[in-house]
Amino acid sequence: MPESIPGIDCDVAVIGGGIAGLSAAISAMNEGAEVILLEKAPKLQRGGNSAIADAQIRYPHEADEYCPTRQTKEDFFDAFLRVSRGRANKDLVRVVVDNAADVVDWLTEMGIAWEKGYPNVAGYRRQPVGGGWQLVDTLYKHLERGGVHVAYETAAETLLTSRSGRVVGVRALEPEGYTDIQARGGVVIACGGFEANPEMRVRYLGRHMDGLILRGSRYNTGDGLRMALAIGALPAGQWGDFHSAVLDARSTPFECGVTAIYIFQLGLFIDEDGERFLDEGEDFRDQTYVKFSKAIMAHKSGVAFNVFDNKPRAEDPEAWKRAIRTDEEAFEAPSIRELATRIEVPDDRMERTIDEYNAACQAGEFDPLTLDGLATRGLGVNKTNWARPLDTPPYLAYPVTGGITFTFGGLKSNPKAQVIHSTGRAIPGLYVAGEPMGELYYYNYMGATSVLRGAVFGRIAGREAARQAAT
Ligand SMILES: Cc1cc2nc3c(=O)[nH]c(=O)nc-3n(C[C@H](O)[C@H](O)[C@H](O)COP(=O)(O)OP(=O)(O)OC[C@H]3O[C@@H](n4cnc5c(N)ncnc54)[C@H](O)[C@@H]3O)c2cc1C
């Protein structure tokens, strides 16, 4: 163990300054606690994945001009469980759902302004004006005004425990060396998953996962998980899976941000041999983008082409612009055959695939805002919604693949955000919020809920640790 330099005392030490850590720090501060926030990144890169994200937040709401479908708490809860194939921890999901609307009000009170929104079919969500960067910047300013000390370029490394098993602080590496921070109420782990750690990615996600495009922060290297497991915390959730999105395959390999194609369901996925390989219209985009991105990665070379005719772009240029989030240009051509040549896919095969698909399309009403049931018939792989012929030039193609946003595996925790030991008991003084929590996401992801979970459990963790300090 390295020699420690004289440390500092506080009530609550929070590890990580994304939405979860900021929410924890603010909530502890509001309880009157003395708080220290440790952030591994330099000040200019603070905020983790939260700062890089759009930071959309889903919550129960009545139907209005932005969202044609009302979403009750029960709808939200049921959809969350369905997306996880019933495996998400019901108690934790319940906490997220019950606190979602309140979190939006809480953020609004602190000065977050919200985009007006746009018709969204898969459930109500709001996006902060200025996205995640503005969200975290506003919260940092709030903390700073409250006098909370933020230690930048300071990486938490080891949890300090007492003989009774209580977590009493954290050892961290600052630019000058090691320091021990004693925290009377406890420590909140809010420092992301292991998405930026190629060694852990290979260990838990599998061979070749070192090469994934990293969408978010380079600093989320699984430190909180490692520290907690080292003192006996119980791992929970789906350690072998992760969040991804259908990205432009030309995205920069790390911290690429939002380079996703969010309108893939109105086109087709064509592989390197000119074949379709999945049902692009299986469900709303929100319910399919994570699993499709992984299906693309697992298919042949791991890169496919999202192919459109001109209809989606011409019919709703605004929606098209919002949904095509890459800065790279599409490949464009006046015919499918020429498009195939441009993207170096066998032209005969691709032309045949599109001809067969067009012939299998049926008459009916197309409606991108509902599951319109406009399906192909008779194909090996049918498209079950939004299936219209690709017959209107020019034709467009984006090369697409997956990437990693955050990991699903984490720590076992309870609705009070306490971390559970492998004995089954809560570890006194140890809390978790945000990405290092396990048991919320399995196989797939409920859109616009990760920033939400960070805020919900961050608030709870900060409050619980502060109250612990007060006793
Ligand atoms: C491009 C993109 C788009 C997204 N869009 C959305 C969206 O619209 N809606 C949504 O809900 N989710 C979205 N997400 C996911 C979501 O942003 C994150 O999962 C969520 O914000 C994570 O919050 P967090 O506080 O748990 O972690 P983070 O925000 O990643 O914060 C973790 C912090 O911990 C710090 N840290 C790491 N290790 C240490 C250490 N040892 N010591 C001290 N500090 C440490 C990091 O520097 C970082 O600042 C998106 C993510 C990306 C990348």
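Note on the stretch 164-185: among residues that are surrounded by fewer than 17 Cβ atoms within 10 Å (Cβ to Cβ) and more than 11 Å from the ligand (Cβ to nearest atom), the one that is farthest from Asn49 (Cα to Cα) is Ser164. When Val188 is tested against the conditions (1) within 11 Å of the ligand (Cβ to nearest atom); (2) open to solvent by 30 Å² or more (accessible area, probe 1.4 Å); (3) over 18 Å from the mean Cα position of the chain (by Cα); (4) touching a residue at least 12 places away in the same chain (Cβ under 8 Å), the lone failure is (2).
When Leu173, Leu107 are checked against the criterion of being in contact (Cβ under 8 Å) with a residue 12 or more places away in the chain, in contact with a Leu (Cβ under 9 Å, 6 or more places away or on another chain) and not in a loop (DSSP other than H, G, I, E, B), a single residue qualifies: Leu107.
Just checking, which of Val303, Val345 is aliphatic (A, V, I, L, M), surrounded by 17 or more Cβ atoms within 10 Å (Cβ to Cβ) and in the same structural domain as Trp386 (by TED's automatic domain parsing)? Step by step, each of Val303, Val345 is checked, and only Val345 is aliphatic (A, V, I, L, M), surrounded by 17 or more Cβ atoms within 10 Å (Cβ to Cβ) and in the same structural domain as Trp386 (by TED's automatic domain parsing). For the stretch 338-456, no strands (runs of 3 or more DSSP E) sit wholly inside it while including 2 or more residues that are within 13 Å of the ligand (Cβ to nearest atom) and among the aromatic types (Phe, Trp, Tyr).
Of all residues in the stretch 317-337, those being in contact (Cβ under 8 Å) with a residue 24 or more places away in the chain and outside any helix (DSSP H, G or I) number 11. Scan the stretch 133-160 for residues that are under 23 Å from Ala228 (Cβ atoms), of a type outside the set (A, V, I, L, M) and surrounded by 19 or more Cβ atoms within 10 Å (Cβ to Cβ) and jot them down. Of everything in the stretch 133-160, those that are under 23 Å from Ala228 (Cβ atoms), of a type outside the set (A, V, I, L, M) and surrounded by 19 or more Cβ atoms within 10 Å (Cβ to Cβ) turn out to be Thr154, Thr158. Of all the residues in the stretch 8-34, those that are over 22 Å from Val95 (Cβ atoms), more than 6 Å from the ligand (Cβ to nearest atom) and buried (at least 24 other Cβ atoms within 10 Å of the Cβ) number 1.
Kindly indicate whether any position in the stretch 50-64 is away from the ligand (no atom under 13 Å from the Cβ) and either of a type in the set (Val, Ile, Thr) or surrounded by 15 or more Cβ atoms within 10 Å (Cβ to Cβ) (or both). For the stretch 50-64, residues away from the ligand (no atom under 13 Å from the Cβ) and either of a type in the set (Val, Ile, Thr) or surrounded by 15 or more Cβ atoms within 10 Å (Cβ to Cβ) (or both): present.
Of the residues Arg46, Arg58, Arg82, the single one that is in contact with a helix residue (DSSP H, G or I) (Cβ under 9 Å, 6 or more places away or on another chain), of a type in the set (D, E, K, R) and within 25 Å of Cys10 (Cβ to Cβ) is Arg46.
The values are calculated or read from the model by the stated rules, or taken from the named source; none is laboratory data. Note that this is a predicted model, so its numbers are computed, not measured. A quick note on method: Cβ atoms are made from the backbone with ideal geometry, for glycine too, and the neighbour counts reach across all protein chains shown. Protein only, heavy atoms only, side chains kept; ligands, DNA and RNA dropped before computing areas. Shrake-Rupley method; radii C 1.70, N 1.55, O 1.52, S 1.80 Å.
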